[in-house]
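The values are calculated or read from the model by the stated rules, or taken from the named source; none is laboratory data. Please read all numbers here as calculations on a predicted model, not as lab measurements. So basically every Cβ, Gly included, is an ideal-geometry build from the backbone, and we count neighbours across all protein chains shown.
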Amino acid sequence: MPETLDEAREQGFRTDIVSFVRRSGRLNPRQQRAWDEHAAQLVVDVPRAEARTSVDPAYVLDVAATFGREAPLVVEVGSGLGEAVVHAAEATPERDFLAVEVYTPGLAQTVLRATQRGLTNVRLLQANAAEVLTTTLPEGSVDELWVFFPDPWHKARHHKRRLVTPSLAELAARAIRPGGTWRLATDWAEYADQMLEVIGANPSFVNVHGVGAVAPRFEGRVRTSFESKGHAAGRSITDLEFRRV
(Lines give C-alpha, C1' and ligand atoms only; values in the text may rest on other atoms or scores of the structure.)
Protein backbone atom coordinates (compact mmCIF):
# COMPACT_ATOMS: atom_id res chain seq x y z
CA MET A 1 0.00 0.00 0.00
CA PRO A 2 1.33 3.51 -0.73
CA GLU A 3 2.95 5.19 2.26
CA THR A 4 1.45 8.60 1.47
CA LEU A 5 -1.48 10.04 -0.44
CA ASP A 6 0.92 11.43 -3.03
CA GLU A 7 2.32 7.95 -3.61
CA ALA A 8 -1.20 6.59 -3.94
CA ARG A 9 -1.97 9.11 -6.67
CA GLU A 10 1.28 8.33 -8.48
CA GLN A 11 0.95 4.56 -8.43
CA GLY A 12 -2.46 3.71 -9.83
CA PHE A 13 -3.22 2.52 -6.29
CA ARG A 14 -4.47 -0.79 -5.05
CA THR A 15 -5.23 -0.93 -1.33
CA ASP A 16 -4.41 -3.96 0.81
CA ILE A 17 -7.82 -3.70 2.52
CA VAL A 18 -10.19 -5.77 0.39
CA SER A 19 -12.86 -7.24 2.65
CA PHE A 20 -15.21 -8.50 -0.05
CA VAL A 21 -15.38 -11.21 -2.68
CA ARG A 22 -17.02 -11.03 -6.08
CA ARG A 23 -20.70 -11.93 -6.18
CA SER A 24 -23.43 -11.94 -8.78
CA GLY A 25 -24.49 -8.52 -10.00
CA ARG A 26 -27.88 -9.64 -11.27
CA LEU A 27 -30.79 -7.28 -10.54
CA ASN A 28 -34.44 -8.15 -10.13
CA PRO A 29 -36.92 -6.25 -12.35
CA ARG A 30 -37.76 -3.58 -9.74
CA GLN A 31 -34.10 -2.97 -8.99
CA GLN A 32 -33.28 -2.79 -12.69
CA ARG A 33 -36.03 -0.27 -13.33
CA ALA A 34 -34.93 1.90 -10.40
CA TRP A 35 -31.33 1.69 -11.57
CA ASP A 36 -32.18 2.61 -15.14
CA GLU A 37 -34.35 5.55 -14.11
CA HIS A 38 -32.47 7.04 -11.17
CA ALA A 39 -28.85 5.85 -10.97
CA ALA A 40 -27.64 8.79 -13.05
CA GLN A 41 -28.96 11.17 -10.39
CA LEU A 42 -28.02 9.25 -7.24
CA VAL A 43 -24.91 7.20 -8.03
CA VAL A 44 -21.74 9.28 -8.14
CA ASP A 45 -19.95 8.82 -11.46
CA VAL A 46 -16.25 8.54 -10.63
CA PRO A 47 -13.21 7.87 -12.83
CA ARG A 48 -11.94 4.33 -12.35
CA ALA A 49 -8.45 2.96 -11.85
CA GLU A 50 -7.79 -0.78 -12.14
CA ALA A 51 -11.25 -2.25 -11.58
CA ARG A 52 -14.91 -1.29 -11.51
CA THR A 53 -14.76 -0.75 -7.73
CA SER A 54 -11.42 1.08 -7.83
CA VAL A 55 -11.43 4.89 -7.95
CA ASP A 56 -8.76 6.90 -9.73
CA PRO A 57 -6.58 8.15 -6.85
CA ALA A 58 -6.31 11.58 -8.47
CA TYR A 59 -10.08 12.07 -8.08
CA VAL A 60 -11.40 14.00 -5.08
CA LEU A 61 -15.14 14.22 -4.45
CA ASP A 62 -16.64 17.71 -4.38
CA VAL A 63 -19.10 17.01 -1.57
CA ALA A 64 -21.03 20.28 -1.74
CA ALA A 65 -21.46 20.01 -5.51
CA THR A 66 -22.50 16.36 -5.24
CA PHE A 67 -25.35 17.14 -2.85
CA GLY A 68 -26.08 20.66 -4.06
CA ARG A 69 -25.58 22.16 -0.61
CA GLU A 70 -23.31 22.24 2.45
CA ALA A 71 -24.46 19.98 5.27
CA PRO A 72 -22.99 17.49 7.76
CA LEU A 73 -21.89 14.37 5.88
CA VAL A 74 -22.54 10.82 7.10
CA VAL A 75 -20.72 8.04 5.24
CA GLU A 76 -21.82 4.43 5.60
CA VAL A 77 -19.21 1.90 4.51
CA GLY A 78 -20.74 -1.35 3.34
CA SER A 79 -24.28 0.02 3.12
CA GLY A 80 -25.72 -3.29 1.90
CA LEU A 81 -29.36 -3.00 0.86
CA GLY A 82 -29.57 0.59 2.08
CA GLU A 83 -31.88 -0.01 5.02
CA ALA A 84 -29.85 1.97 7.55
CA VAL A 85 -28.76 4.85 5.33
CA VAL A 86 -32.20 5.43 3.79
CA HIS A 87 -33.96 5.30 7.17
CA ALA A 88 -31.49 7.80 8.62
CA ALA A 89 -31.68 10.10 5.60
CA GLU A 90 -35.44 10.24 5.88
CA ALA A 91 -35.31 10.85 9.64
CA THR A 92 -32.63 13.59 9.46
CA PRO A 93 -33.09 15.58 6.23
CA GLU A 94 -30.68 18.24 7.48
CA ARG A 95 -27.79 15.80 6.95
CA ASP A 96 -26.32 14.32 3.78
CA PHE A 97 -25.60 10.60 3.41
CA LEU A 98 -23.10 8.81 1.20
CA ALA A 99 -23.59 5.05 0.88
CA VAL A 100 -20.40 3.21 -0.11
CA GLU A 101 -20.99 -0.31 -1.42
CA VAL A 102 -19.35 -2.63 -3.96
CA TYR A 103 -22.32 -4.83 -4.92
CA THR A 104 -24.60 -3.53 -7.65
CA PRO A 105 -27.78 -5.24 -6.33
CA GLY A 106 -27.30 -3.53 -2.96
CA LEU A 107 -26.81 -0.18 -4.63
CA ALA A 108 -29.86 -0.73 -6.84
CA GLN A 109 -31.99 -1.63 -3.83
CA THR A 110 -30.77 1.53 -2.10
CA VAL A 111 -31.70 3.60 -5.15
CA LEU A 112 -35.14 1.99 -5.09
CA ARG A 113 -35.65 2.71 -1.38
CA ALA A 114 -34.45 6.31 -1.67
CA THR A 115 -36.59 7.15 -4.69
CA GLN A 116 -39.68 5.56 -3.16
CA ARG A 117 -39.29 8.05 -0.30
CA GLY A 118 -38.40 11.00 -2.50
CA LEU A 119 -35.08 11.58 -0.74
CA THR A 120 -32.67 14.18 -2.06
CA ASN A 121 -29.97 13.82 0.62
CA VAL A 122 -28.66 10.38 -0.38
CA ARG A 123 -25.88 9.60 -2.85
CA LEU A 124 -24.21 6.28 -3.60
CA LEU A 125 -20.67 5.34 -4.54
CA GLN A 126 -19.68 1.94 -5.91
CA ALA A 127 -16.13 1.60 -4.65
CA ASN A 128 -13.72 -0.12 -2.33
CA ALA A 129 -14.14 1.69 0.98
CA ALA A 130 -10.43 1.95 1.70
CA GLU A 131 -9.82 3.88 -1.50
CA VAL A 132 -12.73 6.19 -0.76
CA LEU A 133 -11.31 6.99 2.67
CA THR A 134 -7.76 7.36 1.35
CA THR A 135 -8.16 9.70 -1.62
CA THR A 136 -11.76 10.15 -2.78
CA LEU A 137 -13.12 11.98 0.24
CA PRO A 138 -11.52 15.29 1.19
CA GLU A 139 -9.57 15.16 4.42
CA GLY A 140 -11.76 15.97 7.43
CA SER A 141 -14.95 16.04 5.37
CA VAL A 142 -16.89 13.33 7.22
CA ASP A 143 -19.05 14.19 10.22
CA GLU A 144 -19.90 10.55 10.99
CA LEU A 145 -18.55 7.27 9.63
CA TRP A 146 -20.72 4.16 9.98
CA VAL A 147 -19.57 0.56 9.73
CA PHE A 148 -22.55 -1.64 10.57
CA PHE A 149 -22.32 -5.44 10.43
CA PRO A 150 -19.24 -5.82 8.25
CA ASP A 151 -18.50 -9.35 7.10
CA PRO A 152 -17.02 -11.07 10.19
CA TRP A 153 -14.89 -13.53 8.23
CA HIS A 154 -15.22 -15.65 11.35
CA LYS A 155 -12.79 -18.41 10.36
CA ALA A 156 -9.35 -17.64 11.73
CA ARG A 157 -7.64 -18.08 8.38
CA HIS A 158 -9.91 -15.39 6.92
CA HIS A 159 -9.42 -12.75 9.64
CA LYS A 160 -6.97 -10.95 7.36
CA ARG A 161 -9.94 -10.06 5.15
CA ARG A 162 -11.73 -8.17 7.90
CA LEU A 163 -12.49 -4.55 7.18
CA VAL A 164 -11.69 -3.05 10.59
CA THR A 165 -7.90 -3.12 10.87
CA PRO A 166 -5.19 -0.69 12.00
CA SER A 167 -4.88 0.43 8.36
CA LEU A 168 -8.58 1.27 8.16
CA ALA A 169 -8.38 3.19 11.45
CA GLU A 170 -5.65 5.35 9.93
CA LEU A 171 -7.77 6.03 6.86
CA ALA A 172 -10.82 6.81 9.00
CA ALA A 173 -8.78 9.28 11.02
CA ARG A 174 -7.91 11.09 7.81
CA ALA A 175 -11.50 11.32 6.58
CA ILE A 176 -13.38 12.13 9.80
CA ARG A 177 -13.24 15.71 11.02
CA PRO A 178 -11.91 16.44 14.53
CA GLY A 179 -14.85 16.02 16.88
CA GLY A 180 -16.58 13.69 14.42
CA THR A 181 -17.88 10.23 15.22
CA TRP A 182 -17.14 6.67 14.14
CA ARG A 183 -20.00 4.26 14.85
CA LEU A 184 -19.76 0.50 14.46
CA ALA A 185 -22.02 -2.48 15.10
CA THR A 186 -21.46 -6.23 14.86
CA ASP A 187 -23.14 -9.44 15.94
CA TRP A 188 -19.83 -11.26 16.43
CA ALA A 189 -18.42 -10.75 19.95
CA GLU A 190 -14.87 -11.63 18.94
CA TYR A 191 -14.97 -9.09 16.10
CA ALA A 192 -16.26 -6.45 18.53
CA ASP A 193 -13.24 -7.16 20.74
CA GLN A 194 -10.96 -6.72 17.73
CA MET A 195 -12.65 -3.42 16.84
CA LEU A 196 -12.18 -2.16 20.40
CA GLU A 197 -8.52 -3.15 20.37
CA VAL A 198 -7.74 -1.78 16.92
CA ILE A 199 -9.48 1.58 17.21
CA GLY A 200 -8.59 1.96 20.88
CA ALA A 201 -4.92 1.72 19.94
CA ASN A 202 -5.18 4.60 17.46
CA PRO A 203 -4.37 7.93 19.14
CA SER A 204 -6.72 9.79 16.79
CA PHE A 205 -9.77 8.20 18.44
CA VAL A 206 -11.22 8.06 21.94
CA ASN A 207 -13.94 5.67 23.08
CA VAL A 208 -16.92 7.85 23.97
CA HIS A 209 -18.02 5.42 26.69
CA GLY A 210 -14.63 4.70 28.23
CA VAL A 211 -11.64 2.55 27.38
CA GLY A 212 -12.77 -0.90 26.26
CA ALA A 213 -16.45 -0.06 26.76
CA VAL A 214 -19.32 -0.79 24.42
CA ALA A 215 -21.97 1.77 23.51
CA PRO A 216 -25.73 1.61 24.02
CA ARG A 217 -27.64 0.81 20.87
CA PHE A 218 -27.44 3.75 18.47
CA GLU A 219 -31.01 5.02 18.21
CA GLY A 220 -30.42 6.19 14.66
CA ARG A 221 -29.61 2.67 13.46
CA VAL A 222 -32.69 0.86 12.17
CA ARG A 223 -32.81 -2.91 12.59
CA THR A 224 -31.59 -4.33 9.28
CA SER A 225 -31.81 -7.77 7.72
CA PHE A 226 -28.21 -8.42 8.76
CA GLU A 227 -29.01 -7.66 12.39
CA SER A 228 -32.12 -9.83 12.22
CA LYS A 229 -30.01 -12.75 10.99
CA GLY A 230 -27.69 -12.30 13.96
CA HIS A 231 -30.60 -12.31 16.40
CA ALA A 232 -32.07 -15.39 14.73
CA ALA A 233 -28.75 -17.18 15.19
CA GLY A 234 -28.72 -16.30 18.89
CA ARG A 235 -25.93 -13.73 18.71
CA SER A 236 -25.99 -10.48 20.68
CA ILE A 237 -25.41 -7.11 19.03
CA THR A 238 -22.54 -4.84 20.04
CA ASP A 239 -22.48 -1.11 19.27
CA LEU A 240 -19.30 0.95 19.51
CA GLU A 241 -18.80 4.71 19.36
CA PHE A 242 -15.53 6.59 18.97
CA ARG A 243 -14.80 10.32 18.69
CA ARG A 244 -12.12 11.74 16.43
CA VAL A 245 -9.76 13.87 18.52
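Data table
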{"quantity": "The stretch 225-245: number of residues that are closer than 15 Å to Pro152 by Cβ and either within 19 Å of the chain's Cα centre (by Cα) or aliphatic (A, V, I, L, M) (or both)", "calculated": "6"}
{"quantity": "Extreme residue, surrounded by the fewest Cβ atoms within 10 Å (Cβ to Cβ), among residues of the stretch 205-221 that are under 19 Å from the mean Cα position of the chain (by Cα) and not in a strand (DSSP E or B)", "calculated": "Glu219"}
{"quantity": "Odd one out for Glu83, checked against (1) in contact with a helix residue (DSSP H, G or I) (Cβ under 6 Å, 6 or more places away or on another chain); (2) crowded, with 20+ Cβ neighbours inside 10 Å; (3) in contact (Cβ under 8 Å) with a residue 40 or more places away in the chain", "calculated": "(1)"}
{"quantity": "Test result for Trp182, closer than 15 Å to Phe97 by Cα, touching a residue at least 40 places away in the same chain (Cβ under 8 Å) and touching a Phe, Trp or Tyr at 6+ places or on another chain (Cβ under 6 Å)", "calculated": "yes"}
{"quantity": "The lone exception for Ser228 - which of (1) outside any loop (DSSP other than H, G, I, E, B); (2) at pLDDT 95 or above; (3) among the small types (Gly, Ala, Ser) it fails", "calculated": "(2)"}
{"quantity": "Glu70 among the acidic types (Asp, Glu), modelled with pLDDT under 95 and at negative phi", "calculated": "no"}
{"quantity": "Selection within the stretch 225-245 - over 19 Å from Gly106 (Cα atoms) and of a type in the set (D, E, K, R)", "calculated": "Arg235, Asp239, Glu241, Arg243, Arg244"}
{"quantity": "Test result for Arg117, at negative phi, in contact with a helix residue (DSSP H, G or I) (Cβ under 6 Å, 6 or more places away or on another chain) and touching a residue at least 60 places away in the same chain (Cβ under 8 Å)", "calculated": "no"}
{"quantity": "Qualifying residues in the stretch 101-157 (those that are crowded, with 23+ Cβ neighbours inside 10 Å and acidic (Asp, Glu)) - the one nearest to the chain's Cα centre (by Cα)", "calculated": "Glu101"}
{"quantity": "Flag if Tyr59 is touching a residue at least 60 places away in the same chain (Cβ under 8 Å) and either on the phi > 0 side of the Ramachandran plot or touching a helix residue (DSSP H, G or I) at 6+ places or on another chain (Cβ under 8 Å) (or both)", "calculated": "yes"}
{"quantity": "Residues within the stretch 189-214 that are within 19 Å of Lys160 (Cα to Cα), in contact with a helix residue (DSSP H, G or I) (Cβ under 8 Å, 6 or more places away or on another chain) and touching a residue at least 40 places away in the same chain (Cβ under 8 Å), tallied", "calculated": "1"}
{"quantity": "Some residue of the stretch 200-216 being within 24 Å of Glu90 (Cβ to Cβ) and modelled with pLDDT of 95 or more", "calculated": "yes"}
{"quantity": "Pairs with Cβ under 6 Å, 6+ apart, first in the stretch 233-245 and touching a residue at least 40 places away in the same chain (Cβ under 8 Å) and under 15 Å from Asn202 (Cα atoms), second of a type in the set (A, V, I, L, M) and assigned to a loop (DSSP other than H, G, I, E, B)", "calculated": "Glu241/Val208; Arg243/Val208"}
